[in-house]
Amino acid sequence: MKIEEVQSTTKKQRIATHTHIKGLGLEASGRALPMSAGFVGQVDAREAAGLVVDMIRQKKMAGRALLFAGPPSTGKTALALGISQELGSKVPFCPMVGSEVYSSEVKKTEVLMENFRRSIGLRIKENKEVYEGEVTELSPEETGSTTGGYGKSISHVIIGLKTVKGTKQLKLDPTIYDALIKEKVAVGDVIYIEANSGAVKRVGRSDAFATEFDLEAEEYVPLPKGEVHKKKEIVQDVTLHDLDAANARPQGGQDILSLMGQMMKPRKTEITDKLRQEINKVVNRYIDEGVAELVPGVLFIDEVHMLDMECFSYLNRALESSLSPIVIFATNRGICNVRGTDMNSPHGIPVDLLDRLVIVRTETYGLTEMIQILAIRAQVEELVIDEESLAYLGEIGQRASLRHAVQLLSPASIVSRTNGREKICKADIEEVAALYLDAKSSARLLQEQQERYIA
């Protein structure tokens, strides 16, 4: 008899380089814990980043910039991601790399401006008439095709909504049924339907189903209070770039010429400065009227030394703008050329821009810290590894780099399983380390065997 175990249908999260980072790991007083939220060491840098988070929350940091500077593999990107985790999902966080600005389609300054606008949020509050409740019934009513074909079309939808105070049955237009399908609404979900526009928003799964074995529910929400039909304050979070893109998109007709025109357009079109100024006027009016609130987010530019003088001079101006996010730069360069010039400058950044930056140093990890980081990574990747192997990996990290040591974990686990063991031992790591070279060993080999390679 063949018995197979059924794999769980719960979605597995892909393990990325910084999956283990859950925040900055600070106490309420702002002091960094030695090992917390996936972070090990970098106490001074984490405390400095914690102050930045507090300033962002108090809206005292807009238009300012921060630079994380340190050798490779010292947690600069992790610090930026820690800041984004501390701020939460409601504050926009836009990561980019310096080399992204070099596009054949769009100007460098346009790429920077687009990312600046992505990093500024707008929280719009509106009082709307809505129907809100838990879906108790969802039945589309079909009729024969009006065109005389064999197919059937939906004439209307009957939906039952329940709140704490009572239930209501609604007869909806077929266009709203399309919106319900798009939002993947099912019986037991809490939704609201806007009375004027017919827009549907799925809030989450009703907590009455929380005891059931419900694999697909992302979030349980309580049964709404009050009546089904009510006036409700709807809060929408958008970025300035969303507004730019929505207004720049041509609203073409459905005729052949319009469709051809849309197909012939290049994939990416620049948003004009005039359009942005018009949107800024509307945004400022909304803010003055109290309808909307500006949420300055974070723009993280990694490998900032890849930018050139044109980009740096643009950044100088953009940071002085009234609508500006918090900008965090990161670089692992020392004193080097500013790209596109013969001028040497610290971190490859012009001195006038450096003068605007608050600089945070990241330090190289010691052996104990490396072992602790490797243990966290093994736990995240669900690998079993003994103490001796961790210590050996730590030595490899000190000799080569922490990144190289982390990269050896997964191949070592495959080697251990091939050898019929669940736990990674030192022999597995030695075998993998012999197969894969690190950057330093590769450079040494190149020097020794230079004559074999084409110069």
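Checking the structure you have, find out if any residue of the stretch 338-354 is open to solvent by less than 40 Å² (accessible area, probe 1.4 Å) and under 19 Å from G75 (Cα atoms). Scanning the stretch 338-354, I find at least one residue that is open to solvent by less than 40 Å² (accessible area, probe 1.4 Å) and under 19 Å from G75 (Cα atoms), so the answer is yes. Does Y192 meet the test of being more than 30 Å from S324 (Cα to Cα), open to solvent by 80 Å² or more (accessible area, probe 1.4 Å), hydroxyl-bearing (S, T, Y) and at pLDDT 80 or above? Against the criterion (more than 30 Å from S324 (Cα to Cα), open to solvent by 80 Å² or more (accessible area, probe 1.4 Å), hydroxyl-bearing (S, T, Y) and at pLDDT 80 or above), Y192 does not qualify.
Where in the stretch 306-407 are there strands (runs of 3 or more DSSP E), lying fully within it, with 3 or more residues that are touching a Cys at 6+ places or on another chain (Cβ under 8 Å)?
Numbers: elements: 326-331, 335-337, 344-346, 357-361.
Filter on the stretch 306-407 gives an empty set.
So if I check each of T167, T175, which one is among the polar types (S, T, N, Q), more than 30 Å from L81 (Cβ to Cβ), surrounded by 13 or more Cβ atoms within 10 Å (Cβ to Cβ) and in the same structural domain as A195 (by the TED database)? Within the list T167, T175, the selection yields T167. Restricting attention to the stretch 382-403, the residues being touching a His at 6+ places or on another chain (Cβ under 9 Å) and open to solvent by 20 Å² or more (accessible area, probe 1.4 Å) number 0.
Quickly run through the stretch 13-27 and pick out the residues that are open to solvent by 30 Å² or more (accessible area, probe 1.4 Å) and at pLDDT 85 or above. Walk me through it before giving the result.
Pass one, the stretch 13-27, residues open to solvent by 30 Å² or more (accessible area, probe 1.4 Å): 13-18, 22, 26-27.
The answer is L26, E27.
Among the residues of the stretch 224-242, those identified as touching a strand residue (DSSP E or B) at 6+ places or on another chain (Cβ under 7 Å) and surrounded by 14 or more Cβ atoms within 10 Å (Cβ to Cβ) are P224, V228, H229, K230, K232, I234, D237, V238, T239, L240. Check the stretch 300-311 and report whether any residue there is open to solvent by 10 Å² or more (accessible area, probe 1.4 Å) and more than 21 Å from C94 (Cβ to Cβ). Yes, that holds for at least one residue. Here S104 fits the description: open to solvent by 50 Å² or more (accessible area, probe 1.4 Å), more than 21 Å from the chain's Cα centre (by Cα) and not assigned by the TED database to the domain that holds L180. Looking across the stretch 365-381, just one residue is open to solvent by 80 Å² or more (accessible area, probe 1.4 Å) and in contact with a helix residue (DSSP H, G or I) (Cβ under 9 Å, 6 or more places away or on another chain), and that is T368.
Tell me the helices (runs of 4 or more DSSP H) entirely within the stretch 40-152 that contain at least 1 residues that are free of Cβ contacts under 8 Å to residues at least 12 places away in the same chain and closer than 22 Å to R333 by Cα.
Working: elements: 43-57, 76-87, 108-118.
Of the helices (runs of 4 or more DSSP H) lying wholly inside the stretch 40-152, those with at least 1 residues that are free of Cβ contacts under 8 Å to residues at least 12 places away in the same chain and closer than 22 Å to R333 by Cα span 43-57.
Each residue in the stretch 107-121 was checked for being under 15 Å from N316 (Cα atoms), surrounded by 20 or more Cβ atoms within 10 Å (Cβ to Cβ) and basic (K, R), and 0 pass. When the residues of the stretch 316-337 are filtered to those that are at pLDDT 90 or above and touching a helix residue (DSSP H, G or I) at 6+ places or on another chain (Cβ under 6 Å), the one that is farthest from T77 (Cα to Cα) is R333.
Scanning the stretch 405-455 for residues that are open to solvent by less than 30 Å² (accessible area, probe 1.4 Å) and either charged (D, E, K, R) or assigned by the TED database to the domain that holds S73 (or both) gives D428, D438.
The values are calculated or read from the model by the stated rules, or taken from the named source; none is laboratory data. Model, not experiment: these values are computed from the prediction. Ideal geometry is used to build each Cβ from the backbone, glycine not excepted, and the neighbour counts take in all protein chains shown. Surface accessibility is based on the protein's heavy atoms, side chains included, excluding ligands, DNA and RNA. Shrake-Rupley method; radii C 1.70, N 1.55, O 1.52, S 1.80 Å.
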